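Quick notes on the structure that follows.
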Amino acid sequence: MRPHPSSIPRPVPPAAQSSSSIPQRPHPVRATAGSHFHLAAAPSTAPRPDPSPPPWEALHLVAPFLDAASLAAASCVSTSWHTAFAADDLWARLCAQHFPSALGLLLDTDSDRRCSSSPHRRLFKLFRSASVRCRALPAPRLALADVSFAVDVVTASGDNTLSFLVAADKAAHVENSTGLFLFGVDLSGRNGAIGPGEWRVRWTAVRTAARRGEEPAALLMMDAKVPAARAAGAVAFGGRGEAGVSARLPAPGCGGAKLDAEVVVELAGEEKGVGKVRLGVMCECQYVCADEGLRYLQHFLL
């Protein structure tokens, strides 16, 4: 049985096909007289607004983790920051952490609380300033080039056996004494001898570099006798040895460390010929540093 002609599907012409199923090609743009082109502007990239600062309530969460310097700096930024970072409980925590004994100075009374809005901050500042004052001493204003040493070695008979004057910066440092107030003077070429018997040593420090309008100043460091037995025991059987003497130095100002001036003479032979003389300043059997010795001298020479 043949199908009815009306039931047979007929082919659809290309022109009648739906435009949605056929890809469309863009038509070329033809410029004609009097035509105008309008180009769409690219979307503008507006600058992003600055992020808003965190709410001031968040500052209270950060404050307990700051140190004293950061708290003091942050409390000066604004009023809200001052309210957050100047709270007295923050400084109470720092006092308990660094200076717990200082809390005994605060009496827990209403009258003391009214005297200051932040008593713990004032207490922390007080004890912090005390620790700052324990800084290193300043460098001396007196230099080694400004000082000379005059030494006289006199025998018991009164004869001037040996005398010399040497600038402090020209005196050689003793071996392994770098940075100490300890000097050595080689006198082996003088052919000086002390001989038997008692002898005396006088050591004077002189400020030779006088400033404008000032006169030279001097300080007697030592004037002490050396017993004959000490020198005889130092040199035995014509060999070599040392004989020394020390004397307490006057205290600078109101007390201070107890310093001693020491002079050691190297002797040789039966005539006790002088080879080298050592000059130094000691504190509790140890030589002081050069700066400490100069600070002591400047108290009397400047």
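None of the figures in this text is laboratory data; all of them are computed from the coordinates on show. Remember, it's a predicted structure, so these values are computed and weren't measured experimentally. With ideal geometry, Cβ positions are generated from the backbone for all residues, glycine too; neighbour counts draw on all protein chains shown.
The listed peptides 214-221, 62-69, ordered by packing as a protection proxy, come out as 214-221, 62-69 (highest mean of other Cβ atoms within 10 Å first).
What does the charge add up to near L90, with Lys and Arg as +1, Asp and Glu as -1, over the other residues with Cβ less than 11 Å from its Cβ?
Numbers: positive: R93, R121; negative: D67, D88, D89.
With Lys, Arg at +1 and Asp, Glu at -1, the net is -1.
Among residues other than R278 with Cβ under 13 Å from its Cβ, the summed charge is -4 (Lys and Arg +1, Asp and Glu -1). Other residues within the sphere of radius under 14 Å centred on the Cβ of F124, judged by their own Cβ, net out at +2 (K and R +1, D and E -1).
Can you give me the distance in nm between label points at N176 and A156, each placed 7 Å from the Cα along the Cα-to-Cβ direction? For the pair N176/A156, the computed spacing is 3.5 nm. What FRET efficiency comes out for the pair R190/A145, r = Cβ-Cβ distance, R0 = 22 Å, nearest 0.05? That pair, R190 with A145, gives E of 0.35.
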